[in-house]
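Below is one structure, written out as structure tokens, with a few remarks after it.
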Amino acid sequence: MAFYSKVRWVLGILIVFVLITATNLIDRNNFLQVKNSVETLYEDRLVAYDILFEMTNMIHEKEVSLGDTNNFLRENKKNNEKIKNLIARFQQTKLIKEENYLFNDLKNNLDILVKLESNLIKSNFTDKSAVQDQISIVKDNLYSLSQIQLQEGKNQLTISKKAIDMVELFTQMEIYILIFLAIIIQIIILYNPKKQ
């Protein structure tokens with residue numbers, strides 16, 4: 001085998017190696033995007049949605065207990081403590097700009113609710129309408145935050161789908177290019193020009 005033939009062999013194998021390495025690096029990047037998107041879906045969306053659901057239940061308990069003064073006095077402090085813990089947990093999730101704004105609004109409205117509840121207890125439960133109105137505002141905040149969780153979950157799902165589609169595309173391109181290169185290498189190897 002002549003020196004020129006060996007160089008052709010080495011170059012052909014190097015081209016295939018470089019091509020496979022490049023596509024694998026692209027595939028790895030896309031898989032990292034999918035992994036991050038799935039982690040975000042769980043950690044920052046499903047967990048946050050669960051926290052919001054628990055908070056909604058606590059607010060509903062407050063609303064129901066307004067009808068029973070003894071129950072309100074007994075349960076309200078526990079509910080406020082649970083809500084405080086849920087707020088701390090929610091704050092640890094990754095928040096987008098709009099979500100952060102709504103979350104701060106929720107915290108402010110919860111503070112107002114606690115003050116109104118305190119005033120209600122001091123007034124011996126004479127006027128519950130201000131507390132009921134504030135509960136409605138807090139419920140609206142919770143609903144808006146839960147809608148953001150759903151929308152951001154959809155966004156993360158879209159990112160994952162795009163990354164998976166890119167992996168599939170590059171995998172198909174890689175297969176076609178490898179077949180093409182294999183045919184070219186075979187032609188180079190098997191082609192034997194006739195000597196005159």
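The values are calculated or read from the model by the stated rules, or taken from the named source; none is laboratory data. The structure presented is a predicted model; accordingly, all values stated were derived computationally and were not measured. Cβ coordinates were reconstructed from backbone atoms using ideal geometry, including for glycine residues, and neighbour counts include every protein chain displayed. Ligands, DNA and RNA are stripped out before the accessible areas are found, and what is left, the full protein with its side chains, is counted by its heavy atoms. Shrake-Rupley method; radii C 1.70, N 1.55, O 1.52, S 1.80 Å.
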Select from segment 155-168 the residues that are closer than 16 Å to residue 26 by Cα and open to solvent by less than 80 Å² (accessible area, probe 1.4 Å) and list them in ascending order. 159, 160, 163, 164, 165, 166, 167
Pick out, from segment 27-132, the helices (runs of 4 or more DSSP H) lying fully within it that include 3 or more residues that are farther than 23 Å from residue 150 by Cβ and β-branched (Val, Ile, Thr). 97-122
Find the residue count for segment 40-84, including only residues that are closer than 18 Å to residue 141 by Cβ, over 22 Å from the mean Cα position of the chain (by Cα) and among the polar types (S, T, N, Q). 3
Would you mention how many residues in segment 20-36 are more than 11 Å from residue 170 (Cα to Cα), in contact with a helix residue (DSSP H, G or I) (Cβ under 7 Å, 6 or more places away or on another chain) and open to solvent by less than 80 Å² (accessible area, probe 1.4 Å)? 1
Index of the failed condition, residue 102 passing every other in (1) open to solvent by 30 Å² or more (accessible area, probe 1.4 Å); (2) over 14 Å from residue 51 (Cα atoms); (3) touching a residue at least 40 places away in the same chain (Cβ under 8 Å): (1)
Of the criteria (1) more than 30 Å from residue 156 (Cα to Cα); (2) surrounded by 18 or more Cβ atoms within 10 Å (Cβ to Cβ), which one residue 75 fails: (2)
In the set 86, 110, which member is in contact with an Asp or Glu (Cβ under 9 Å, 6 or more places away or on another chain) and either at pLDDT 90 or above or open to solvent by 90 Å² or more (accessible area, probe 1.4 Å) (or both)? 86
Please count how many residues of segment 160-196 are outside any helix (DSSP H, G or I) and either at pLDDT 75 or above or among the charged types (D, E, K, R) (or both). 2
